Each structure stands twice: as C-alpha cells, then as structure tokens.
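Read-outs: derived from the displayed coordinates by stated rules, not from any lab. Please read all numbers here as calculations on a predicted model, not as lab measurements. Here the Cβ positions follow ideal geometry from the backbone for every residue, glycine too, while neighbour counts run over all protein chains shown.
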Amino acid sequence: MSRPFPYTYISCPCADTPVPDPARKRRSRESPQKSPQKPPPERANTDQDKKLSAKEEEQGEDEDEEQTFDPRSPRSNFSLYPPEQLLYCEECHQIKCPRCITEEIVSWYCPSCLFETPSSMVRSDGNRCGRNCFNCPVCTAPLAVSTIENATGNAPQQGPWVLSCGYCLWTTLDIGIKFDKPTNIRSQLQKMTDSTPPAALDRSRQASRTFEDLKHPLSSYASIDEQSNARERDGEQAAPKEDQGAPPMGMDARFAALKNFYRTQISETSNSPNDHLSSEFGFSSPGALNRLMSLYASSSRLSGLYGGSKKPKSKPPVMREALTASEGLQVASENSETDMIARLQSPECGWDGMASIDQRATQSPDARFIDDLLPLPVLLRTKRAKRCKSCKHILVKPESKPQSTRFRIRLIALSYIPLPTLRPLAPSSSSALPAMAPTSDLNSLPPLRPIHILLTLKNHMFDPVRITLATPPVTPGRVATKVTVLSPQFEIGANSDVWDEALQGASAPLTSDSRSAALRGVPEAGKVWDKGRNWTTVVLEVVPGTLPGSSAEGGDGNPNTETNDEDVLAVAASRQDEDVLEIPVFVHMDWDADAQLDQQNVGKGSKPDDKVTRELAYWMVLGVGRIQPSL
Amino acid sequence: MATLKPPTNTHRSSSASHSSGPPKAPLKADPTATIADTVVFQGRYLVTIGAGTVVHPRAKFYAYEGPIFVDDGCIICEKAVIGAPPTSSRSPSPSRPPSTSPTESGASTPEPRKEISTRISYFVTVGPLATVEPGAHVHSSATIEALATIRRGADIGAHSKVCSRCEIAAGGSVAEWVVVYGQGPGMRRKRARGVKEMSPAVVAAAQVAQSPLPGPAPAGKVIEDARLMVLQKEREVLGRMLIPAAGGRKK
C-alpha cells in the first residue's frame, strides 16, 4: 500500500460476493495451523472460552459471514478504499464505493472561463471550449489573448491580437497567425484552418452518383468490374491532371469527403434487394458482409454445400474504394519524406524543432514540426452526479453552476461510519514493560515483540453508537501476527454540539477520568483507553509475526521453513510487501435512529419512542507498519 | 542590509568595522539602483550593481570566487543567489581587510585561485530563489525564472528564458532567443524573432477555399519589445514600492 503508516482502509461489501467453497472452509477449520490464511473470525478474542463459544455460535450462522477478510487477497485490491472516498446510501443502508455507483453528467463547463456549455453543443465543439480559452501547443499552459498594438502604445485595444503563453513565450506569431478581434478566437481560428472546399462535398456526391449509374441493379457484377477497371485505367491518366488542378485538401476536409463517400457506398450496397442480413441483423458494414457472402457464393465447393442446387442470383454490388482526390484520396508525394528529413537536418529546425509525441497526440497527424502546431482549445470538464447502482438513489449531486463548489446532496460515508485513526502507544517510562518493543518507527517493527496500538473511532452521527470489534487472533497470510483487541465492545458518544459538552458539567469528570486513564499508561483488558465527546480509543495488542525465512524464525512452527533449503525457497518465494502488517478488523455498529427518517427501516426492532435500532457491519484494514526481517 | 550606505564612486567596505562574521563584499552601486535593506553581500570581491537595477529583499550575492557584475535595468528577486557561498574546506578569513584586488593578499587566501567573474547583463530578470553560480554569464534581456539554476560557467544567450525549476548544466550554453522549459535539463524551443511563415494548416485551408491568405503577422520581436516595456514599468513601480516597504534606501 502506498500510504504512509499507519493507515486505515475500509472494505466495501460489494466485492464480498465470491462463491463460497465449503470444502476449503472445512479444511481450514480442521487444520488451522497448516493453513493460517483462513482462520475463523472471533468476535471476542480476549478470552479462550469466549472464542470457543463464539465459534460454536457462528458455525450455525451463514457461512458467508464467517469468512475472514484477507487484505492480501487479490480481490482485496478492488474492495479496499480510504474512508474518505466512500459514500453511503440511505436507502440501501450500505457503504458505496466507486464501483457501486453510476455517474451522470450534470453539466459541461470550461475550467478556464467557467462558462457552461449546453450539452447539445458539446459534441459539435469537440468537447472543447468554443470561446477564447486555449492551451499552449508546446507546453500546455493556458494562453492569454493580448494585443500587440496596445503594448507598443500606438492604438490602445485596436489589435491585431495574438495568443501568447506566459510560460514558454510561445505566441501565435510563431506560426504566423494573428487575429482581428479579441473575441471568438476559436471561430476565427477555425475559419483560418477550415480546409473544406465549398464544393468538395458536392463533387464527392457527383462522383458517387456517376458511379451509381454504373452500378445499376440490372448490370452484372462483371460489367461493374470491367467498367471500374476501365475507369481506373482512364483514371491513371486523368487523375494526375485532376490532382494537379485541384488543391490538396486538408485533414478535416479529406476526412469529411471520405466519410461521405463511404457512407454513400454503404447505403448503396446495403439497400440492394439481395441484402437481407443488414436489415435483419443490423451489421454496421453490410458492404463487407456482402463481399464475404459473394466470396462464399462464388466458390463452387461451398455453393454445392450451401444451396448449390439453387440458381445463382445476380451478383450483389460491391463497395469500392475512394479513387479521386475529391473523394478524399490522397496520394503520398514522392518527395515528402525526403523534404521532411532535409528539414529535420537543417540547422534552423534540428531536434528542438520537432514536435514531441505528447505534442502531436492532440494535433493533426500531419503535424511533425513545432511550426505545425496549432493552439489547443481547452478541454471541457464535467460535473457529475452519482447514484446508487442498486436503488438509483442519488448519493452526490453538485450544483450545476460551474462557479459553485457546493453540493446539493453529498452522502459521504464518514457521516455515517466512525472515522478510524491509528497511532502507536508510546510506552511511558514508568509503566513500560521490558518486553514491550519501542514503537517509534513503524517501518521496522521487531517481530515477536508485543506493541500496543491505539485505535480511535470518531462518530459523526448525532446518535450514540455501540461498536463491536472483532479480529482474527492471527492475521491471515504467511506472516502470522497475533492481534488482541483489549476492549472489543464499547460505545461512542453522539456528535452533539461542542458547546453542550462545555455547558454540561457532567462531561467534565468523564474527560478528567479519561485523561487520568491515559496518564496511567497501562492498557487493561475490557477497558477503553480514552473517551471523548464523540470518540473512543481502544488498545490493540499486536505481536508481529516472523517473516518467512528470517533469522528470528526458529521454533515458531511455521511449516514452510523447517529446513535450510526450505528457508531459501521461502525467501525466494516471499511476495512483495509481505512484511507489511495489515490487520483485518470486523466492525459491527448499531444505533438507535429516528424512525421517521425511514419508515421502511431495516432495523431489527423498534423502540417505543419512535426509535429503531439500525446496524451496519463492515471490514476494515489497519495498516500498522512493516515488520523487520530479523530481530 | 543595515550597513548599506549611500553610493559613492569608490568601492565601499562594509566590513571594516567588524571583526567577526563573514566578510562583506565591497559594493559599487549606481545611484539609480534600488537595493533593499536585507540584501546580503558577502565575499572578498567587488559586486557591481548597474543603473536602474532593483534588488529585492533577502537576495544574496556571494563574491568569494570572483567579482559579480549586474548591469543596468535588471531585477534580482527575493532570495535569489548570485555566486556561491564558501565551502567549509575553503572558508574565508572573516577579519580580512577589504581590497579591490584580493589576490594580492595571499596571506589570508589558502590557495591562489583564478578569479571567476559572474556577469548579468542588461535587463535581466532573476526570479525568486533562482541560483546563478560563479562564472555564469547571463546575456541581456534574458529571464531566469524562480528556482532555476544556472551552474558554473554556463552561458545564457540574449532574450532567452530559463523556466522555473530548469537547470543549465555547468559550462552549458543556451542560444539566443531560446526558451528552456520543463524540469531539470528541460526542453528547448526557439522563439520567433522575425516574421514567421504562416502555418501550413492555414495555407492549405486558403488554397482549398481559394481565398486569399490572411495578412502577414508581425515579427515575433514585437512581443519581446512589449515584454521589455512591461519590465521597465515593473522596475519603476518596484522602485517606488521597495523603499517604503522595506525601509531601504534608494541609491
């Protein structure tokens, strides 16, 4: 895990849907020492009798609930989240992770000018700002619209205008472009670079129409081929003349011409009466399908197999490729590569004059040099609402105005579940036991030496919460760390007004008691360590296990490392971050909520004063530290 | 620095009355220069500040290895470091008397070293926390942005710019009208100085549309002229702001 120690993650229950394997569980129950990966969970692991009784009770329950959460499982990578990233659905009464929600776009806006773009305009604008917001094509810094004449003092605010980058000092003068107006720069630039000829589309349509005459339904396939071949032969002579006469089309224009040409071709070939498949199955490229079918049909062997007895139908029309420049065909010139290499080698261009891959990624494919780069309109951003996937309840809804950072609805999980924080208990000088390990450095925890960890849970609800913590006595995985929660059941106060605590004198002794308890410095079983208005701290006693193959591992009984050879193998097979000490903790919380908030509550019982008991349970992972390889 | 005195035509020693601490470099500042109170001048060699130059508070001039020349119209921003502080192995003697020719007094110098002069030419801007090491030569109208580092002996061409967090290696050079951007060694881009050819996309579009090309754009030098004008105005305003704020003295 990438977070610094200590950290806490919460598991979203949405990932807890594997098919349970009873045989595997049985094996783990029968021989827990041989396979410590799946120890049964213990609700109260302070007492051995309680352990046994809890085990007996839980055996009768559903087996899914018995499965201990394994933070090292590959599935855990998809279910563990920092608490602040989780949401909470009030309908489902469940924690919701980013996988449990769907997103809806509320509005599109430009992050530079904060203008909202209507959804109907987003696609036509190419998801980019249609006003004056541009990014530098060289360094991606925002460009500013500035006038040249104003700077020289000749005529204030009269232009011409340029886009200039304040970081790398790139301006549109670097590509020989100036603007007449300071507004609608995008449209001015588009007008300058719009390479669609006015009659290009008409020409393309005309060309298709002439070819359409050739592909009359009554004409045979061979005749089409012959005619097209004849046309190609003629075209070899005619095309250079036409290409010389017609100016080369730009990238957008060629794309539009090609798109139009192929759309016409598809419509012509797919609308033929022989084509049943396109209408029935909705193939996107019926021309290609027709070609394949005609290939199969022309084969004598296959025709014998598939209805060879039928009479051969008239050959379907075949989609052809673009042939002329007006249809979007561009023949690469012979000298283009040579010219490009010569320009690259010239001293005024060189390496610095070449556009990098990042720069070319958002530009026209023809752009190879810095001088070919055009300013980039700023990409739009979106504000998104989030819904629960199961009940479609809105979990997050921001205000649609781009200027506002407020949310109309925001059900973050930390408003409902207690915030866990973790810190090591520094042993005081008077009460420190000699066997206790100093816990100053969590990145090197000595194995087999107990440490005390303080787990604080802070309640953000306005109702007091009863908490039950449960951990497996030994952490899953090859590194068996013993964990004991000294006070697994406790209560956290309500998140009442801060002044209530000050105004009520009753809370003062509690604080003083807790302070004195903290000053005692001796964690006791069954007692909370510290308690405040809406938080409670309990102590976890942790005995870090030994790493496989480490020198500290002797009579530990780990079956993986019994001989030296096995040690070597174990070290070689040690997985990455296996020394990270992560403790799975099962949190069960219940509280009395107002029934009027939700009539169809899922609580177990109802109270006479319109209170219902509501409960929530989830797994939490505490990242304590990293275990030393040796003592 | 509290010991700054009104400028004189001769070199001034500010360390004459002190017997401890690092040596204070002799300073020769133009009367029109604006130097804040808390600027640090250390070393044994001469520091020259040109006319109209503005030096912000807490800038540091370390003239231990050679003289430092800052020409006219420059802006040295806060915490910029010109020169290099003395290393521990070659700490200067604190009580050394000032001299314009420090190599003459070989008794206090552990080993005779060649003077390495640092020169910052006209209208240069050195940003906050930027470092210009000894031997570097920053030519006129160049810009060294915040946190940029110019190593020893580097040569920064005129009208060039070293962007923030970029580093020019020792002995390296940046050509004229070149921008070094990015991080570390960074990438380089040649700025437009004259009239540039129109973008191929615009030319192609005009050919296709059979419309006349847009009018030629002015030379890129216009932008640089405008920037220098703004810089001049900034210096004027800074000169007015620094003195009452820092309690310094206008030379």
* To do: Return the subset of A:Lys96/A:Lys386; B:Lys24/B:Lys161; A:Lys178/B:Lys233 for which the Cα-Cα distance in this structure is over 21 Å, preserving the input order.
  => B:Lys24/B:Lys161; A:Lys178/B:Lys233
* Structure fact -> For A:Met293 and A:Thr102, extending 7 Å from Cα along the Cα-Cβ vector and measuring point to point gives, in nm, a value of 3.6 nm
* Asked: Which pairs in the list A:Lys531/A:Lys611; A:Lys191/A:Lys383; A:Lys458/A:Lys527 are over 28 Å apart, alpha-carbon to alpha-carbon?
  -> A:Lys191/A:Lys383
* Asked: Rounded to the nearest 0.05, what FRET efficiency is calculated for A:Gln345 and B:Ser211 with R0 set to 45 Å and r the Cβ-Cβ distance?
  -> 0.85
* Could you work out the relative contact order of the stretch A:443-507, using alpha carbon pairs under 8 angstrom and six or more residues apart, expressed as a whole percent? => 34 percent
* Distance in nm between label sites at A:Ala494 and A:Asp180, each 7 Å beyond Cα in the beta-carbon direction? -> 7.1 nm
* Cα→Cβ-extended label distance, 7 Å offset, between A:Gln190 and A:Ser364, nm -> 1.6 nm
* Rounded to the nearest 0.05, what FRET efficiency is calculated for A:Gln158 and A:Ile357 with R0 set to 45 Å and r the Cβ-Cβ distance? -> 0.65
* Please find the FRET efficiency linking A:Phe462 to A:Ala426, where r is the Cβ-Cβ separation and R0 is fixed at 30 Å, and quote it to the nearest 0.05. => 0.35
